[in-house]
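The values are calculated or read from the model by the stated rules, or taken from the named source; none is laboratory data. What you see is a predicted model; the values in this text were computed from it and never measured. Positions of Cβ are backbone-derived with ideal geometry, glycine not excepted, and every protein chain shown enters the neighbour counts. Surface accessibility is based on the protein's heavy atoms, side chains included, excluding ligands, DNA and RNA. Shrake-Rupley method; radii C 1.70, N 1.55, O 1.52, S 1.80 Å.
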Amino acid sequence: MVSCRELRARARVSLGGNIFKPQWLFALLVYFIVSAIMGLAANTFVGPIILLGPFMVGLCAYFMNLIRKENSHEDMGAMFNGFKTGFGDNLVAGLLVTIFEILWSLLFIIPGIIKHYSYAMTYYIRNDHPEYTATEAITKSREMMKGYKGKLFLLELSF
């Protein structure tokens, strides 16, 4: 099993090793553009509901391209991949993940947090396997995260 330290080192290498390299700056720019659009959409009732799933798949596409290919940081159009490929399933995936997390959180906060980590790979799966339906991606994410939720929690804390 790869340690958190090794994963952080790999992430730094993928981003060019220096915070002022283009990979870092483009990654921040993509993240801020999506955040700004989602922030503006939050002023409407249905905006975040419609945009969440497709934009999350798009962010996953951008970051996975950044890791898998060299100099792909300039392909900022990948942040819109969730709208181009499987928009309906991406929309449903975002909606279902949100609903499931809210319902689990109603039991108590802790089950909602645990389920958040269970569903963490849903958007990555939708990016890599657009043929999967939203429920198949959620199920696959739950299966993948069995035994790894705590590790992901620690990894996020370490960043």
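For this structure, a couple of remarks:
- Conditions (1) over 18 Å from the mean Cα position of the chain (by Cα); (2) of a type outside the set (Val, Ile, Thr); (3) closer than 18 Å to Thr122 by Cα; number of the one not met by Leu40: (3)
- Positions within the range 11-35 being under 18 Å from the mean Cα position of the chain (by Cα) and either over 16 Å from Gly77 (Cα atoms) or open to solvent by 70 Å² or more (accessible area, probe 1.4 Å) (or both), in sequence order: Ala11, Ser14, Leu15, Trp24, Leu28, Leu29, Tyr31, Phe32
- Matching residues, the range 142-159, being part of a loop (DSSP other than H, G, I, E, B) and charged (D, E, K, R): Lys146
- Test: Phe153 is at pLDDT below 90 and open to solvent by 50 Å² or more (accessible area, probe 1.4 Å): no
- Residues (among the polar types (S, T, N, Q) and part of a helix (DSSP H, G or I)) located in the range 63-110: Asn65, Ser72, Asn81, Asn90, Thr98, Ser105
- Flag set for Leu29, criterion: on the phi < 0 side of the Ramachandran plot, touching a residue at least 40 places away in the same chain (Cβ under 8 Å) and not in a loop (DSSP other than H, G, I, E, B).
- Extreme residue, farthest from Ser141 (Cα to Cα), among residues of the range 36-71 that are open to solvent by less than 30 Å² (accessible area, probe 1.4 Å) and hydrophobic (A, V, I, L, M, F, W, C): Ala41
- Look at (1) more than 20 Å from Asn90 (Cα to Cα); (2) free of Cβ contacts under 8 Å to residues at least 24 places away in the same chain; (3) hydrophobic (A, V, I, L, M, F, W, C) and you find that Ile67 fails only one, number (2).
- Filter result (outside any helix (DSSP H, G or I) and among the aliphatic types (A, V, I, L, M)) within the range 32-62: Ala42, Val46
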